[in-house]
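Novice: Pasting a structure below so you can have a look.
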Amino acid sequence: MKHLIDPMDLSVKEIDDILNLALDIIDNKEKYSNVCKGKKLATLFFEPSTRTRLSFEAAMMELGGNVLGFSSAASSSSSKGESVGDTVKIVSCYADIIAMRHFKEGAPMLASMKSDVPIINAGDGGHNHPTQTLTDLLTIKREKGRLSNLTIGLCGDLMFGRTVHSLIKALSRYEGIEFILISPDELKIPDYIRTEVIEKNNITYREVTSMEDVIGELDILYMTRVQRERFFNEADYIRLKDSYILDNSKLVTAKSDLSILHPLPRVNEIAVEVDDDPRACYFKQALNGKFVRMALIMTLLGLEA
Ligand code: CP
């Protein structure tokens with residue numbers, strides 16, 4: 001039985017297989033419409049979500065399976081004091097696979113030790129979000145035709161943004177990747193990502209504070225929201241929340257084939273006017289999330305069309 005807790009739980013080959021399966025699902029939806037008949041996915045979301053939870057549920061439905069679960073800690077017995085371990089032990093009696101989001105870093109890892117069915121980390125605190133990474137990789141592959149030889153700007157809250165941490169880990173294994181890390185000094189990438197992932201893999205990178213200075217170099221611009229829910233005080237959030245706002249004027253010097261990604265939700269960091277730019281990929285990215293989660297569910301359940 002395999003779980004997906006951290007993007008490094010998947011080898012490059014396993015990632016490539018999942019992305020290729022997702023591409024086949026996109027082209028042949030009917031072929032996959034009954035693959036999960038009789039199977040159940042439980043979505044255990046202790047933290048809010050729109051895309052991740054609903055795309056997981058849509059993914060299972062489009063594979064012919066069923067879904068159950070809860071969308072907030074308040075509507076589960078964790079509000080009465082039940083532990084994550086006990087919750088998962090119980091839910092694994094009712095479902096064949098579990099997608100879990102939790103505000104505590106490491107909660108899905110703990111759950112995987114107690115579960116009798118595969119656990120998928122759907123986001124744990126400021127730590128990891130491996131299925132967003134699969135979504136991002138599928139989007140880059142579809143937009144660029146490759147996952148190597150890319151200059152990638154990661155912009156915004158690089159300290160608390162779990163999607164950034166997971167994406168850096170996954171991309172660190174591909175050839176010719178260069179990262180430009182764009183953030184205020186207070187929201188720089190955590191030391192363990194810089195030393196244990198980027199520097200350990202001899203990846204070219206630099207840390208800058210200005211998006212305008214580097215936008216013309218980028219193949220991918222990955223914008224992120226400042227993560228209000230992870231701040232210790234509101235004053236710091238208010239001071240930093242609008243550090244970067246991508247609008248049409250800032251795109252003037254960008255490459256014509258730049259791809260703009262954002263895991264969403266956005267707040268102010270991408271002006272709505274950018275949505276009409278052909279380089280804006282973030283809504284396509286959200287749709288890719290459903291297809292890649294279909295491929296992941298099939299893979300972890302060992303199912304084929
Ligand atoms: N990208 C993402 O995780 O979005 P949600 O929080 O809406 O699931």
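We did not get these values from a lab; they are worked out from the coordinates using the rules stated. These numbers come from a predicted model, not from an experiment. A quick note on method: Cβ atoms are made from the backbone with ideal geometry, for glycine too, and the neighbour counts reach across all protein chains shown.
Novice: Can you tell me what share of the DSSP beta bridges in the chain is antiparallel? A percent to the nearest 5 is fine.
Specialist: 5 percent
Novice: Let me spell out the model: positive unit charges on the Cβ of Lys and Arg, negative unit charges on the Cβ of Asp and Glu, origin at the Cα centre of the chain. What dipole size does that give, in debye rounded to 20?
Specialist: Using Cβ point charges on Lys, Arg, Asp and Glu, the chain gives about 860 debye.
Novice: For the range 128-223, how big is the tail of P(r) above 16 Å, as a whole percent of Cα pairs?
Specialist: Cα-Cα pairs of the range 128-223 separated by over 16 Å account for 51 percent.
Novice: Along each of the three principal axes of the Cα atoms of the range 155-305, give the extent in whole Å, ordering the values from largest to smallest.
Specialist: 49, 38, 34
Novice: Hey, another quick one. Counting other C-beta atoms within 10 Å, and keeping those with at most 15, which DSSP coil trypsin sites (Lys or Arg not before Pro) do you find in the range 123-154?
Specialist: Arg146
Novice: A further question follows. From the backbone phi of the range 11-27, what are the Karplus-calculated ³J(HN,Hα) couplings (6.51 cos²θ - 1.76 cosθ + 1.60, θ = phi - 60°) in whole Hz, Gly and Pro given as x?
Specialist: 6, 4, 5, 5, 5, 4, 4, 5, 5, 5, 5, 4, 5, 5, 4, 4, 7
Novice: Hand me the tally of lysine pairs in the range 130-285: alpha carbons under 21 angstrom apart, and the pair either on different chains or 8 or more positions apart.
Specialist: 12
Novice: Right, here's the next one. Using a 10 Å Cβ count of at most 15 others and DSSP loop calls, identify the longest part of the chain lacking such GluC sites (Glu not before Pro).
Specialist: 213-303
Novice: Further question on the same structure: For the range 217-291 and the range 86-163, what is the separation of their C-alpha centers, rounded to whole Å?
Specialist: When both Cα centres are located, 20 Å separates them.
Novice: Would you kindly calculate the mean projected area, averaged across all directions, of the convex hull enclosing the Cα atoms of the chain, in square nanometres?
Specialist: 15.2 nm²
Novice: Per DSSP H run of n ≥ 4, the term is -39500 (n - 2.57); total these for the chain, divide by its residue number, and report the mean residue ellipticity at 222 nm rounded to 500 deg cm²/dmol.
Specialist: Helices in the chain give a 222 nm mean residue ellipticity of -10000 deg cm²/dmol.
Novice: Report, in debye and to the nearest 20, how large the dipole of the range 71-203 comes out about its Cα centre when Lys and Arg carry +1 and Asp and Glu carry -1 on their Cβ.
Specialist: Value, rounded to 20: 280 debye.
Novice: Return the loop-located trypsin sites (Lys or Arg not before Pro) in the range 17-71 (DSSP other than H, G, I, E, B) with at most 12 other Cβ atoms within 10 Å of their own Cβ; answer none if there are none.
Specialist: Taking the range 17-71 and a limit of 12 other Cβ atoms within 10 Å, the loop trypsin sites (Lys or Arg not before Pro) found are Lys37.
Novice: Work out the charge dipole of the chain with +1 on the Cβ of Lys and Arg and -1 on the Cβ of Asp and Glu about the Cα centre, then indicate which of Thr209, Leu21, Ile119 is farthest towards its positive end.
Specialist: Ile119
Novice: Also, I was wondering about something else. Tell me, what is the percent relative contact order of the chain, built from C-alpha pairs under 8 Å that lie six or more residues apart?
Specialist: 20 percent
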